[in-house]
Amino acid sequence: MKRCDWVSGEIHTKYHDTEWGTPLHNDRKLFEFLILDTMQSGLSWRIILNKRVSFQKAFDNFDAKKISKYNERDIKRLLVDEGIIRNKRKIGSTINNAQRFLETKKEFGTFDKYVWSFVNCKTVHNRFKTWTDIPATSEESELMSADMKKRGFTFVGPTVIYAFMQTVGMVNDHVVGCFRKKELMSINVR
């Protein structure tokens with residue numbers, strides 16, 4: 001079975017085969033991946049996947065309402081949690097982004113409606129042959145990043161947002177020949 005050329009090891013294989021690029025419309029899961037993608041900034045995705053369960057425990061299963069109310073005591077607790085990325089700026093960003101997430105959700109009814117509007121509510125199916133052909137950003141990620149920054153989100157540069165878009169299936173960047181490419185092209189996103 002042919003997979004994308006970035007896949008190696010069990011954790012990558014499971015993630016690639018069951019999650020990456022699958023259209024996602026659940027607000028809590030969208031928030032989870034937004035946080036994980038911001039935490040990944042400057043690091044490898046494998047590190048984040050290996051720490052994912054610890055992130056879920058440390059951040060109240062990505063409950064944005066709870067996270068939005070975190071205080072200095074919570075920040076201190078997170079800074080000593082060896083299971084997560086202990087970067088004070090990224091932890092602060094997570095709290096800030098939970099607050100911005102809730103504001104955006106209130107404005108649009110769902111965070112799903114907001115993020116998917118940048119791709120006209122349909123997955124963009126790219127046709128790249130190798131992982132190295134895939135760009136780090138897109139016009140849509142540039143627009144979404146700029147809009148999120150205006151709304152006060154942090155750690156949401158165009159590269160982070162493009163990775164988020166790939167993760168949640170707004171963009172199907174499975175390479176040509178990967179078995180998931182064809183599977184995902186047949187999914188009706190709405």
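Here are the numbers:
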| quantity | calculated |
| --- | --- |
| From the options Lys69, Lys2, residue that is exposed (fewer than 14 other Cβ atoms within 10 Å of the Cβ) and over 19 Å from His174 (Cα atoms) | Lys69 |
| Close pairs from segment 131-155: first within 21 Å of Lys181 (Cβ to Cβ) and touching a residue at least 12 places away in the same chain (Cβ under 8 Å), partner open to solvent by less than 40 Å² (accessible area, probe 1.4 Å) and among the acidic types (Asp, Glu), Cβ under 7 Å, at least 6 apart | Ile134/Asp173 |
| Any hit, segment 77-86, residues being at pLDDT 95 or above, hydrophobic (A, V, I, L, M, F, W, C), open to solvent by less than 60 Å² (accessible area, probe 1.4 Å) and under 28 Å from Lys181 (Cβ atoms) | no |
| Positions within segment 154-180 being open to solvent by 10 Å² or more (accessible area, probe 1.4 Å) and out of contact with any Phe, Trp or Tyr (no Cβ under 9 Å at 6 or more places or on another chain), in sequence order | Thr154, Phe155, Gly157, Pro158, Thr159, Val160, Gly177, Phe179 |
| Breaking point among (1) of a type in the set (Ser, Thr, Tyr); (2) open to solvent by 40 Å² or more (accessible area, probe 1.4 Å); (3) closer than 29 Å to Thr110 by Cβ, for Ser44 | (3) |
| Test for Arg86: is it in contact with a Leu (Cβ under 8 Å, 6 or more places away or on another chain) and in a loop (DSSP other than H, G, I, E, B) | yes |
| Any chance Arg127 is of a type in the set (Lys, Arg), within 17 Å of the chain's Cα centre (by Cα) and under 30 Å from Asp17 (Cα atoms) | no |
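The values are calculated or read from the model by the stated rules, or taken from the named source; none is laboratory data. Small disclaimer: the values here were computed from a predicted structure and weren't measured. For neighbour counting, all protein chains shown are included, and Cβ atoms are generated from backbone atoms with ideal geometry for every residue, glycine included. Note: accessible area is taken over every heavy atom of the protein model, side chains too, but ligands, DNA and RNA are not part of it. Shrake-Rupley method; radii C 1.70, N 1.55, O 1.52, S 1.80 Å.
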